[in-house]
Amino acid sequence: MPHSPNPFLRGYWNLNIVRTLSISYEDGSPTVWRNIHPSQQHFPDEALIACSCIVTSSFAVITNGLEPVSAEVLIACNAEEGINGEGTIGAVIYAIHGEDFDGRLVHVADTYSAEAAREVAKRLSFETGYYSRCWEISSAHISSETGQYLANLADLATPEGFLFIAFRIPYSPAIGVKLICTPWTNKNLAHAQGISTEQLRQEHRNKGMPDDLANILELAGQADVRILILDADAPALAGLPLAEHW
């Protein structure tokens with residue numbers, strides 16, 4: 001199967017929230033953003049604004065905060081490469097990071113409170129039960145022979161090892177597929193069925209499933225699609241090959 005972006009995937013994956021400090025310098029140098037040192041993570045946001053801090057290449061240490069800075073922390077500061085002097089904290093920022101479709105880390109958004117960050121992350125997260133996992137795409141993505149193969153599965157009992165059920169749409173030539181145990185990732189399939197994605201793909205091959213259908217179901221399963229409908233009247237899915245291009 002071609003290694004191109006999965007057109008069924010949406011949004012960002014593995015969203016996480018990181019509290020960072022927006023730090024300015026008296027000499028007008030550009031603002032920088034740093035994580036607060038782990039020993040001071042318990043400081044509340046309001047206690048950080050306008051505080052002085054030591055800025056290193058990877059973290060900042062509050063020097064006039066709620067508690068004195070320990071000798072161990074000062075030693076850690078001195079051990080850091082690229083110390084950028086002292087600055088003043090102007091704001092506490094809750095940054096939202098995620099992974100793009102290809103696994104690259106992406107800076108998604110900044111907010112000014114943990115509550116706001118959680119709300120943004122919630123809205124961006126496609127959690128089970130909170131968004132539609134039903135797709136309707138053109139049957140032009142599969143050949144006529146594959147369409148007949150799928151129709152036969154809908155009329156008969158779909159093999160259990162396929163991890164999907166094919167069904168007909170009443171009063172329509174469209175065929176639907178309900179995928180089971182999604183997402184089809186190694187982690188989830190190992191937990192649910194004790195198999196890998198390659199073993200599932202091999203099961204499909206062993207039962208003679210056409211490659212175009214197997215490719216589409218693999219992509220849909222990876223993206224946690226639960227219902228997939230193939231209909232001649234539906235639009236083609238951008239990024240998904242048509243039957244003659246698989």
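Any residue at all in region 145-158 that's assigned to a loop (DSSP other than H, G, I, E, B), open to solvent by less than 90 Å² (accessible area, probe 1.4 Å), under 17 Å from Val225 (Cβ atoms) and in contact with a strand residue (DSSP E or B) (Cβ under 7 Å, 6 or more places away or on another chain)?
Yes, region 145-158 contains a residue that is assigned to a loop (DSSP other than H, G, I, E, B), open to solvent by less than 90 Å² (accessible area, probe 1.4 Å), under 17 Å from Val225 (Cβ atoms) and in contact with a strand residue (DSSP E or B) (Cβ under 7 Å, 6 or more places away or on another chain).
Which one is nearest to the chain's Cα centre (by Cα), of the residues in region 207-236 that are more than 17 Å from Thr146 (Cβ to Cβ) and surrounded by fewer than 15 Cβ atoms within 10 Å (Cβ to Cβ)?
Pro235
Among the residues of region 50-71, write down those that are in contact (Cβ under 8 Å) with a residue 24 or more places away in the chain, surrounded by fewer than 16 Cβ atoms within 10 Å (Cβ to Cβ) and of a type outside the set (Ser, Thr, Tyr).
Within region 50-71, Ala50, Glu67 meet the criteria.
So which pairs qualify, if the first residue must be in region 21-35 and in contact (Cβ under 8 Å) with a residue 60 or more places away in the chain, the second must be open to solvent by 40 Å² or more (accessible area, probe 1.4 Å) and assigned to a loop (DSSP other than H, G, I, E, B), the Cβ gap must be under 7 Å, and the two must be at least 6 apart or on different chains?
Matching pairs, first to second residue: Ser22/Thr31; Ile23/Thr31; Ser24/Thr31.
Mind listing whichever residues of region 58-85 are part of a loop (DSSP other than H, G, I, E, B), farther than 18 Å from Arg19 by Cβ and out of contact with any Ser or Thr (no Cβ under 8 Å at 6 or more places or on another chain)?
Pro68, Gly85
Being touching a Leu at 6+ places or on another chain (Cβ under 7 Å) and open to solvent by 40 Å² or more (accessible area, probe 1.4 Å) is the filter; apply it to region 1-32 and report the residue that is modelled with the highest pLDDT.
Restricting to residues being touching a Leu at 6+ places or on another chain (Cβ under 7 Å) and open to solvent by 40 Å² or more (accessible area, probe 1.4 Å), the top hit is Leu15.
The values are calculated or read from the model by the stated rules, or taken from the named source; none is laboratory data. These numbers come from a predicted model, not from an experiment. Every residue, glycine as well, gets a Cβ built from its backbone with ideal geometry; the counts of neighbours run over all protein chains shown. With ligands, DNA and RNA removed, areas are computed over all heavy atoms of the protein, side chains included. Shrake-Rupley method; radii C 1.70, N 1.55, O 1.52, S 1.80 Å.
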